[in-house]
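Reading through the structure tokens given below for one structure.
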There are 2 protein chains.
Amino acid sequence: MNYRIDNLQYCNWSREVFQINKEAGLDAVHVTIVYHEDYDEFLERLNQWNKLFNDNSDLIFLGKDYKDIAKAKSENKTAIFFGFQNCSPIEDDIKLVEKVHEHGCRFMQLTYNNQSLLATGCYEKIDSGITNFGREVIKEMNRVGIVIDMSHSAEKSTLDAIEISQKPIAITHANPSFWHEAKRNKSEKLLRSLSESGGMLGLSLYSHHLKDSKDCKLESFCEMVARTADIMGVNNLGIGSDLCLYQPNSVVEWMRNGTWTKEKNYGEGSKDKPEFPKQPDWFFDARGFGNIEIGLKKVGFNDDEINGILGNNWFNFYKGIN
Amino acid sequence: MNYRIDNLQYCNWSREVFQINKEAGLDAVHVTIVYHEDYDEFLERLNQWNKLFNDNSDLIFLGKDYKDIAKAKSENKTAIFFGFQNCSPIEDDIKLVEKVHEHGCRFMQLTYNNQSLLATGCYEKIDSGITNFGREVIKEMNRVGIVIDMSHSAEKSTLDAIEISQKPIAITHANPSFWHEAKRNKSEKLLRSLSESGGMLGLSLYSHHLKDSKDCKLESFCEMVARTADIMGVNNLGIGSDLCLYQPNSVVEWMRNGTWTKEKNYGEGSKDKPEFPKQPDWFFDARGFGNIEIGLKKVGFNDDEINGILGNNWFNFYKGIN
């Protein structure tokens, strides 16, 4: 059985988006449900999601473990797995790790660009690695079954997390920096360490992570995948598109600025280009999975490898979460 | 006019404690009102303090600036200045800096032992210095008039704070490490940088910061003050006793563990000595100021210098807060 999984989306959720994802053949999507929200605000997001599940029960349901991906496929639905892009919902309380897991959280980034209580983000000047509290939280995430996601973290913090975690970790949405130098992309050293520990890289389709941004060619992307497979092995690669479909630009401003600064911070953008970047024309939305399938074949991957990259590798990774 | 100021106490507050402080001649005390409390919990502490102010209005009132210290002296009362030992009440929100100032906060530690969102604590393995959010918060603290207190912070973070802050900072309660090596005590390099920038060191009477702990001799303490004055100048020294009078041991356990770990952390104590340490017999409570006065005279300080150390230096520092 082959599965199609997009392991990171943060869309402006609606029936239309769920229909597009189903049309794209997605059996599972890891969705970001919070960035900077604290625990109470996270509970509000849950209420919003419960309404989405109710209103679209013919298309989606909350996924708890890998078996729900198979269930979604058999029912022609998409399993939705919850994830956090920052650790804000656990605040400073180790006990909240178990609570957020009970509410469905399966992935949590230890940082979002800036320093958190757990680790250093990729936008800080100096990376001190995993903190005292971070060590405790990693242990607890391992225990309850939440994947450590280091997509927006700095390098030493990520290497520390790989070493400290008793279970493989994930970088759900980023690309290798050998292909496109960006603060958010990852070094070869880090990718090797990630794959050696059984961790996964979800390849990003967000233009700021792509060579030539929205003008990135499908061929260039697929050649990058081939080179990354040479480094990491083909079984540790998946897709984490970072799609932000239909989000207004006020959202990207909030993602970058949260409530931490009075100045405007442009993150991966700039003063001239503060908005969400445009997508490449071969990946406007998840239906672009079909284009990637064709592209991967052209650069020499066989069917098993392509099915692995487009979903089966994430499926196998999910087996080890709990 | 000479003032007596203890610039750090965290007592189990009661009429008895306020009477002792008045008996000791204290015109002002900087009191810790929160450690790990978030903003809402901070508001609850304010309610508790409002009751204390009501019930003991003949002894204490809330101090807002240096003029309240003179007012306290003239009315034979003690002005109470609020401070935080951690930045938890501002959560991840720059706007809360102004809010806590409106509620009376005049000192805020950027960290309490562990990494915070602003800086690194002295119990972390690696010190990455002031974070992105930390830079913004320091600017805002400077603007509204809250003193940056680095007593529990790591060295690079403290040196960064001295450099970044546009106003002098304080280490309200610690001693030099040349006298007693302790994670919480400070290096000569740091003390020089602190005094060169106009900052203050509040000398601590907490046994874990004292040479020979509770058996520390008054002479030894006062000789240390003399050597520290050689390094820092005599005008940058005050007292920040760190008195935790009448606190139950459950409180020191909470101070150390907050909600960040499931294991028990002993901080400056140890498994064999988890409790609050005993005070030296010449400083059971603030009435020990009298003993220090005698001791400082014996090691050669003149009256002006002694009055400076016991309060006037803090008084002058308070003039620059707002």
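Bear in mind these aren't lab numbers, they're just calculated from the coordinates by the rules spelled out. Every value quoted in this text rests on a predicted model; they were computed, and no experiment measured them. Here Cβ is always computed from backbone atoms with ideal geometry, including for glycine, and neighbour counts include all displayed protein chains.
The residues neighbouring A:LYS139, those whose beta-carbon lies less than 11 Å from its own, together hold a net charge of +1 under the Lys/Arg +1, Asp/Glu -1 convention. Between A:LEU245 and A:TYR10, A:CYS11, A:ASN12, the built amide H atoms are under 5 Å apart, and every one of these is 5 or more places off in sequence or on another chain.
Using just the helices of chain B, give the 222 nm mean residue ellipticity in deg cm²/dmol: DSSP H runs with n ≥ 4 each add -39,500 (n - 2.57), and the total is spread over all residues, rounded to 500. Intermediate results must be reported in sequence, preceding the final value.
Working: 12 runs with 121 residues, N = 322.
Rounded to the nearest 500, the figure is -11000 deg cm²/dmol.
Local charge sum around A:LEU218 (other residues, Cβ-Cβ under 13 Å, Lys/Arg +1, Asp/Glu -1)? Each step should come with its number before you reach the end.
Working: positive: A:LYS211, A:LYS214, A:LYS217, A:LYS297, A:LYS298; negative: A:ASP212, A:ASP215, A:GLU219, A:GLU223, A:ASP281, A:GLU293.
Neighbour charge sum, excluding A:LEU218 itself: -1.
Across the identical copies, the label point of B:GLN166 (7 Å from Cα in the Cβ direction) is separated from its matches by 5.1 nm, in order from shortest.
Sum up the charges of everything whose Cβ sits under 11 Å from the Cβ of A:VAL17, counting Lys and Arg as +1 and Asp and Glu as -1, but leave A:VAL17 out. Mind dumping the intermediate values first?
Details: positive: A:ARG15, A:LYS22; negative: A:GLU16, A:GLU23, A:ASP285.
Cβ neighbours under 11 Å give a net charge of -1.
Residue by residue, segment B:281-287 carries 3J(HN,Hα) couplings of 5, 9, 8, 5, 8, 5, 5 Hz when phi is fed to the Karplus relation 6.51 cos²θ - 1.76 cosθ + 1.60 (θ = phi - 60°); x denotes Gly or Pro.
Just A:TYR266, A:TYR206, A:TYR123 to compare: in a GNM of chain A, with alpha carbon springs under 10 Å, which one fluctuates most? It is A:TYR266. Shown here for segment A:26-102: GluC sites (Glu not before Pro) in loop regions (DSSP other than H, G, I, E, B) with at most 16 other Cβ atoms within 10 Å, namely A:GLU75.
Global size of segment A:5-319: 17.9, 51 Å for Rg and Dmax (C-alpha atoms, Rg to one decimal, Dmax whole).
For A:THR131, B:THR228, what's the fewest-to-most ordering of other Cβ within 10 Å of each Cβ? Before the final figure, lay out the partial values.
Details: A:THR131 29, B:THR228 24.
Ascending number of Cβ neighbours within 10 Å: B:THR228, A:THR131.
The three principal axes of the C-alpha atoms in the protein assembly as shown carry coordinate ranges of 87, 51, 44 Å, sorted with the longest axis first. Close amide H pairs (under 5 Å, H built 1.01 Å from N) link A:TYR3 with A:ASN312, residues at least 5 positions away or on another chain. Computed over Cα pairs, the Kirkwood radius of segment B:104-199 leads via Stokes-Einstein (1.567 mPa s, 4 °C) to a diffusion coefficient of 100 µm² per second.
For B:GLY145, the point set 7 Å out from Cα toward Cβ sits 5.6 nm from its twins in the other copies, listed from shortest up.
Of B:VAL144, B:ASN86, B:TYR112, whose Cα points farthest to the positive end of the dipole of segment B:56-162 (charges on the beta-carbon: +1 Lys, Arg; -1 Asp, Glu; origin at the Cα centre)? Farthest along the dipole direction, towards plus: B:VAL144.
Note on segment A:181-252: dipole from Cβ charges, positive end direction compared against A:SER213, A:ASN235, A:GLN247; the farthest Cα belongs to A:GLN247. Here segment B:262-316 and segment B:31-47 have alpha carbon centers that stand 25 Å from each other.
Between the residues B:LEU52, B:PHE315, B:ALA28, the greatest Cα displacement towards the positive end of the dipole of segment B:5-319, with unit charges on the Cβ of Lys, Arg, Asp and Glu, is found for B:PHE315.
Across segment A:189-204, computed HN-Hα scalar couplings (Karplus, 6.51 cos²θ - 1.76 cosθ + 1.60, θ = phi - 60°) run 4, 5, 5, 4, 4, 4, 6, 4, 8, x, x, 10, 10, x, 6, 9 Hz from first to last residue, x flagging Gly and Pro.
Two numbers describe the Cα atoms of segment B:16-141: Rg and Dmax, which are 16.0, 48 Å. Ordered by the count of other Cβ atoms within 10 Å of each Cβ, fewest first, B:PHE221, B:PHE276 give B:PHE276, B:PHE221. Rounded to the nearest 20, the size of the Cβ-charge dipole of the protein assembly as shown about its Cα centre is 340 debye, with Lys and Arg at +1 and Asp and Glu at -1.
Dividing the mean sequence gap of close Cα pairs (under 8 Å, 6+ apart) by how many residues chain A holds gives a relative contact order of 20 percent.
For segment A:60-66, backbone phi angles converted through the Karplus equation (6.51, -1.76, 1.60; θ = phi - 60°) give residue-by-residue couplings of 9, 8, 6, x, 10, 8, 4 Hz, Gly and Pro being listed as x. When the Gaussian network model of chain A links Cα atoms closer than 10 Å, the mean-square fluctuations of A:GLY258, A:GLY238, A:GLY121 top out at A:GLY258.
Nearest chain A C-beta to the A/B rotation axis, reported as residue and distance in angstrom, is A:SER128, 2. Shown for A:SER187: label points 7 Å from Cα along the beta-carbon vector, and their distances to the equivalent points in the other copies, 2.5 nm in ascending order. The spacing between segment B:122-165 and segment A:103-182, judged by their C-alpha centroids, is 24 Å.
If you filter segment A:130-222 for GluC sites (Glu not before Pro), then keep DSSP loop positions with at most 13 other Cβ within 10 Å, what is left? Mind dumping the intermediate values first?
Working: sites: A:GLU136, A:GLU140, A:GLU155, A:GLU163, A:GLU181, A:GLU188, A:GLU196, A:GLU219; in loops: A:GLU181.
Taking segment A:130-222 and a limit of 13 other Cβ atoms within 10 Å, the loop GluC sites (Glu not before Pro) found are A:GLU181.
Loop-located chymotrypsin sites (Phe, Trp or Tyr not before Pro) in segment B:1-100 (DSSP state other than H, G, I, E, B) with a sparse environment of at most 11 neighbouring Cβ atoms within 10 Å are absent.
Per residue, how big is the convex hull around the C-alpha atoms of segment B:221-322? Give it to me in cubic angstrom, could you?
Working: hull volume 15.7 nm³, N = 102.
Normalising the Cα hull of segment B:221-322 by residue number yields 154 Å³.
List A:ILE80, A:ILE33, B:ILE306 from most exposed to least, where exposure is judged by having the fewest other Cβ atoms within 10 Å. Write out the running numbers ahead of the final one.
Details: A:ILE80 26, A:ILE33 23, B:ILE306 20.
Fewest-to-most ranking of A:ILE80, A:ILE33, B:ILE306: B:ILE306, A:ILE33, A:ILE80.
Highest GNM mean-square fluctuation, chain B, Cα pairs closer than 10 Å: which of B:THR78, B:THR261, B:THR111? The residue with the greatest mean-square fluctuation here is B:THR261. The charge dipole of segment B:5-319, taken about its Cα centre with unit charges on the Cβ atoms of Lys, Arg (+1), Asp and Glu (-1) only, comes to about 240 debye.
Restricting to bridges with both residues inside chain B, how much of the DSSP beta-bridge set is antiparallel, in percent to the nearest 5?
Numbers: 1 of 27 bridges.
Among the beta bridges of chain B, antiparallel pairing accounts for roughly 5 percent.
Distances between placed amide hydrogens fall under 5 Å for A:SER153 paired with A:CYS122, all partners being 5 or more residues away or on another chain.
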